[in-house]
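The values are calculated or read from the model by the stated rules, or taken from the named source; none is laboratory data. Values in this document were obtained by computation on a predicted structure and should not be read as measured data. Glycine also receives a Cβ, built like all others from the backbone with ideal geometry; neighbour counts cover every protein chain displayed. Each accessible area value is taken on the protein alone, full model and side chains, heavy atoms only, with ligands, DNA and RNA left out. Shrake-Rupley method; radii C 1.70, N 1.55, O 1.52, S 1.80 Å.
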Amino acid sequence: MYPYSKKNPDNELNMLYQNNTYKESKILREWYRKNERDLPWRHTKDPYLIWISEIILQQTRVAQGLDYYMRFVARFPDVRSLAEAEQQDVLKCWQGLGYYSRARNLHEAAKDIMSRYHGIFPGQYKEILTLKGIGDYTAAAIASFVWNRPYPVVDGNVYRVLGRLYAVTAPIDTGEGKKKYLELATLLMPPDQAGMHNQAMMEFGALQCVPQNPDCKQCPLSDSCLGYASGNPQQYPVKQNKTKTRDRYLNYFFTVYDSHTYLRRRAGKDIWEGLYEFPMIETAASMDFLELKDEKTFNRLFRGTGEPAISVVTNDVKHVLSHQILHATFYRVEIQKENAALKKYLKIPLSALDEYPFPRLIDSFLTEKLERYFDPKTDA
């Protein structure tokens, strides 16, 4: 998995093969001892807790993820409690973190651990790798942090440290680049100090070798950093392709009838699978209400509901995802009677909205805007 190929012609790899005294690792570990942040998952060898922390921190900054971690492990303190929970409860606990496939995968993997390993987190790298939602990085993190197994972690912070330290020109988003970075990470890591080395690399990238304006003059690796010597360390790591994004236009209808509203649970492989939303019409471009009410979908949704009272609560809210930019408009609709289309939705009391997991976009609407229009406790 992590080859030591002495035939590799790359200069930075040859340099490490020939002069591998783990000098840089020693410097990094010494820096880490002085600068590590006091985080709860660093005070445990419980693979379950470290797994949860790593999944949360995949797409989340530590400052934001810490509170979520504390709430999540308080609600689901071990594999069994997570495996036996309802998915809706797991998603509700995850609400606001985004990238909800992480929570769904955690839930499925916990059930798998109960089934295949009798609730005991597997201790071998290859076994960890078979769990849903766990790739090379997370498996290496768990195996090295818990059991000090010699697998290097390579995340965004590590890419940045290695890219600058050795002025790597291979793009990180290519097969060639990923292979080279993995080899560099392996060679830099002393096998008997894998856990601390990996922690040090990640922390160094998060606190010292930061993406913008790194303080290179105070860096303990500046004497050997080729990126610093180049005069422009921020050019590393190199990335070949820019992420392409697309715009989507979502029109939500918060529909009220007899102190109730209507929801549906998102399914399929689109965004927010398993979360709830109001009746929604997606359009190819932005539409004002006069254009929208002429859409067939709108007429099917509200035909036969009397004379609905419709008002715009919030218009063109921009919500940025990794590959998509969502433009959302929320309408409040009061209807006089139900129709067949709305009966296909889940009808709930207004007071029960807090019980359902929503994507951040809708949760923000509920907490920031909707209180001007009704109080769920008194409107129910």
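Report yes if some residue within the stretch 154-164 is over 22 Å from Asn198 (Cα atoms) and hydroxyl-bearing (Ser, Thr, Tyr); otherwise report no. For the stretch 154-164, residues over 22 Å from Asn198 (Cα atoms) and hydroxyl-bearing (Ser, Thr, Tyr): absent. Going by the conditions given, is Gln193 out of contact with any Cys (no Cβ under 9 Å at 6 or more places or on another chain), part of a loop (DSSP other than H, G, I, E, B) and either of a type outside the set (Ser, Thr, Tyr) or crowded, with 22+ Cβ neighbours inside 10 Å (or both)? No, not satisfied.
Here Asn315 passes the criteria (1) over 21 Å from Leu353 (Cα atoms); (2) exposed (fewer than 12 other Cβ atoms within 10 Å of the Cβ) except the one numbered (2).
Considering (1) open to solvent by 40 Å² or more (accessible area, probe 1.4 Å); (2) in contact with a helix residue (DSSP H, G or I) (Cβ under 7 Å, 6 or more places away or on another chain), the lone condition that Glu84 does not fulfil carries the number (2). If the condition is being closer than 19 Å to Gln336 by Cα and hydroxyl-bearing (Ser, Thr, Tyr), then the stretch 253-296 contributes Thr255, Tyr257, Ser259, Thr261, Tyr262.
Taken over the stretch 109-148, the criterion of being under 16 Å from Met202 (Cβ atoms) and not aliphatic (A, V, I, L, M) is satisfied by Gly135, Asp136, Tyr137, Thr138, Ser144, Phe145, Asn148. Selection of the stretch 198-224 for residues being in contact with a Leu (Cβ under 9 Å, 6 or more places away or on another chain) and part of a loop (DSSP other than H, G, I, E, B) yields Gln208, Cys209, Pro220, Leu221. Within the stretch 308-330, the set of residues being of a type in the set (Gly, Ala, Ser) and part of a loop (DSSP other than H, G, I, E, B) comprises just one member, Ser322. Tallying residues that are over 17 Å from Arg102 (Cβ atoms) and either touching a helix residue (DSSP H, G or I) at 6+ places or on another chain (Cβ under 6 Å) or among the aromatic types (Phe, Trp, Tyr) (or both) within the stretch 133-152 yields 10. Across the stretch 214-250, the qualifying residues are those that are closer than 30 Å to Met280 by Cα and basic (Lys, Arg), and the one among them that is modelled with the lowest pLDDT is Lys244. The condition (being touching a residue at least 40 places away in the same chain (Cβ under 8 Å) and closer than 27 Å to His319 by Cβ) is satisfied by just one residue among Gly98, Gly123, Gly65: Gly98.
Just one of the numbered conditions (1) over 26 Å from Thr245 (Cβ atoms); (2) assigned to a loop (DSSP other than H, G, I, E, B); (3) in contact (Cβ under 8 Å) with a residue 12 or more places away in the chain is not true of Ser286: (1). Within the stretch 132-163, the set of residues being in contact with an Asp or Glu (Cβ under 6 Å, 6 or more places away or on another chain) and under 20 Å from Leu82 (Cβ atoms) comprises Lys132, Thr138, Ala141. Among the residues of the stretch 232-256, just one is more than 19 Å from Thr174 (Cα to Cα), outside any helix (DSSP H, G or I) and out of contact with any strand residue (DSSP E or B) (no Cβ under 8 Å at 6 or more places or on another chain), namely Asn232.
The numbered conditions (1) touching a Pro at 6+ places or on another chain (Cβ under 6 Å); (2) surrounded by fewer than 18 Cβ atoms within 10 Å (Cβ to Cβ) are all true for Lys132 except (1). Suppose we filter Thr305, Thr367 for residues that are in a loop (DSSP other than H, G, I, E, B), modelled with pLDDT under 95 and not acidic (Asp, Glu); which single one remains? One residue alone meets the criteria, Thr305. Once the stretch 138-164 is narrowed to residues that are open to solvent by 10 Å² or more (accessible area, probe 1.4 Å) and closer than 10 Å to Cys209 by Cβ, the residue that is farthest from the chain's Cα centre (by Cα) is Arg160. Does the stretch 332-348 contain any residue that is part of a strand (DSSP E or B), in contact with an Asp or Glu (Cβ under 6 Å, 6 or more places away or on another chain) and among the β-branched types (Val, Ile, Thr)? So far as the stretch 332-348 goes, no, none of its residues is part of a strand (DSSP E or B), in contact with an Asp or Glu (Cβ under 6 Å, 6 or more places away or on another chain) and among the β-branched types (Val, Ile, Thr). Annotation note: of Arg332, Arg303, the sole residue that is open to solvent by 50 Å² or more (accessible area, probe 1.4 Å) and over 30 Å from Lys242 (Cα atoms) is Arg303.
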